[in-house]
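A.B. asks: Starting off with a structure, shown below.
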Amino acid sequence: MADRVTVIGWDGSPLTAGARSALSAATLVAGAAHHLALPEVPPTAERIRLGSVGLAARRIAGHRGTAVVFADGDPGFFGAVRVLRAPEHGLEVEVFPAVSSVATAFARAGMPWDDAQVVVAHPRTLRRAVNVCRAHAKVAVLTSPGAGPAELALLLEGVHRTFVVCEELGTDREQVSVLTSDKAADHSWRDPNVVIVIGGAGPAPADASWLLGQSAARSVDRGWAGPQADAGEGESAQLRAAQLARLGPRTGDLLWDIGAGSGGVAVDAAALGAAVIAVDADPAACDRITAAARERGVQLQAVAGRAPHVLENLPEPDVVRVGGGGAAVVAAVAERRPERIVSHASTRDEAEAIGRALAEHGYAVECALLQSVGLDTRTWAEQDRSVVFLLAAQRPATR
């Protein structure tokens with residue numbers, strides 16, 4: 001095991017005295033090419049070109065001597081420190097941090113970032129990173145090869161955003177470009193880069209931020225699935241609450257709300273952090289949903305069109321609520337293999353048809369008969385009654 005492991009964050013600034021001292025004693029140095037080319041790196045030290053931090057950690061764990069690991073920005077912020085401190089490596093590390101690349105990117109843009117979401121995009125997490133960009137007005141994306149500005153732009157097709165692309169921060173080749181998302185796919189970008197993705201809801205008040213990544217806009221209305229004056233048939237608050245509970249939309253998910261109606265489920269899901277595409281055959285309903293989202297201070301995309309045909313060009317969903325269209329639409333949704341699907345029916349025959357469509361596509365299906373009665377608490381007289389079959393389906397886990 002290495003006698004000592006020092007992690008040095010690098011942002012282009014001169015190394016501190018402590019970092020220089022650790023580096024001068026190093027018998028192994030790991031880092032990117034521009035780190036290993038620094039004049040302070042001892043000529044006799046073993047050099048490891050850093051690709052996988054996990055592989056480097058195993059090499060370091062078997063090294064007898066002192067090791068230094070370079071990392072761009074703050075190595076404790078989505079950086080090398082977490083991997084190096086993993087129990088299987090058994091390494092104790094000393095850290096000399098630098099300004100994080102996210103902080104530097106926002107500084108170059110002249111913007112605050114306490115209200116920003118920060119995500120890491122690898123090819124395996126790219127879709128979820130894009131969903132965060134759909135759902136939030138300010139997102140910093142730490143990219144990687146194969147999951148950069150061009151790939152982000154391609155997956156954001158149909159959603160307008162502004163990109164601030166910061167390439168090779170802290171080097172002589174540093175460049176900051178501002179362009180709309182539809183133009184980003186036409187460029188070749190240099191790694192490493194950070195992309196600030198901006199757009200959608202208006203800015204929060206100056207005193208809105210007290211928790212990193214949050215703004216006051218999402219906390220104006222406490223609770224969710226509240227009563228709505230314009231709720232349509234089958235859209236009682238109790239049904240919407242049950243549907244949201246079954247779907248469990250969360251940050252990084254994409255929810256389709258098909259037959260979105262008043263948009264109650266769509267807006268609530270967006271407030272819970274999910275990316276949302278609300279689909280309705282009535283363009284006027286789409287306008288109302290967009291207005292409701294704007295009033296709530298959340299982001300969503302409203303698409304006018306009739307299912308199932310309109311679904312063909314939509315990005316892959318994680319969870320889906322089918323508010324209209326019956327078994328035919330449910331079957332079309334199941335073909336896309338989302339993790340969870342909920343729907344409802346007003347008759348048993350319709351519920352059985354939906355249940356069969358889901359089961360035929362390999363989903364585990366549950367059905368419950370929900371009855372809710374609203375009461376006037378002044379007289380305790382019945383105001384309205386809703387009886388509906390709720391169907392919830394989950395895709396079996398794959399091994």
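The values are calculated or read from the model by the stated rules, or taken from the named source; none is laboratory data. Keep in mind the model is a prediction, meaning the values are calculated, not measured. So basically every Cβ, Gly included, is an ideal-geometry build from the backbone, and we count neighbours across all protein chains shown. These area figures cover heavy atoms from the full protein model, side chains too; ligands, DNA and RNA do not enter into them. Shrake-Rupley method; radii C 1.70, N 1.55, O 1.52, S 1.80 Å.
A.B. asks: Can you give the alpha-carbon Rg of the range 80-125 over 2.2 N^0.38 Å, where N counts its residues?
C.D. replies: 1.55
A.B. asks: Return one number: the angle in degrees, 0 to 90 and rounded to the nearest 10, between the long axis of the Cα atoms of helix 326-335 and the longest principal axis of the Cα atoms of the chain.
C.D. replies: Helix 326-335 sits at roughly 20 degrees to that axis.
A.B. asks: Using +1 at the C-beta of Lys and Arg and -1 at the C-beta of Asp and Glu, which of Leu50, Val303, Pro396 has the Cα lying farthest in the positive direction of the dipole of the chain?
C.D. replies: Leu50
A.B. asks: Let me check I've understood the local charge: for Arg246, count other residues with C-beta under 12 angstrom from its C-beta, Lys and Arg +1, Asp and Glu -1. What total comes out? Mind dumping the intermediate values first?
C.D. replies: Numbers: positive: Arg240, Arg321, Arg340; negative: Glu339, Glu366.
Once all neighbours under 12 Å are counted, the net charge is +1.
A.B. asks: What list of ³J(HN,Hα) values in whole Hz, one per residue of the range 292-303 in order, does the Karplus curve 6.51 cos²θ - 1.76 cosθ + 1.60 (θ = phi - 60°) give from phi, with Gly and Pro shown as x?
C.D. replies: Result, rounded to whole Hz: 5, 5, 4, 5, 7, x, 10, 9, 7, 10, 9, 10.
A.B. asks: What is the percent carbon and sulfur in the accessible area of the chain, measuring with a 1.4 Å probe over the protein chains and ignoring ligands?
C.D. replies: Within the chain, the accessible surface is 51 percent carbon and sulfur.
A.B. asks: Which sequence of Arg340, Arg321, Arg246, Arg222 reflects their accessible areas, 1.4 Å probe, from the largest down?
C.D. replies: Accessible-area ranking of Arg340, Arg321, Arg246, Arg222, largest first: Arg222, Arg246, Arg340, Arg321.
A.B. asks: Can you tell me the equivalent ellipsoid semi-axes for the range 299-399? Use √(5λ) from the Cα gyration tensor, largest first, whole Å.
C.D. replies: 29, 17, 13
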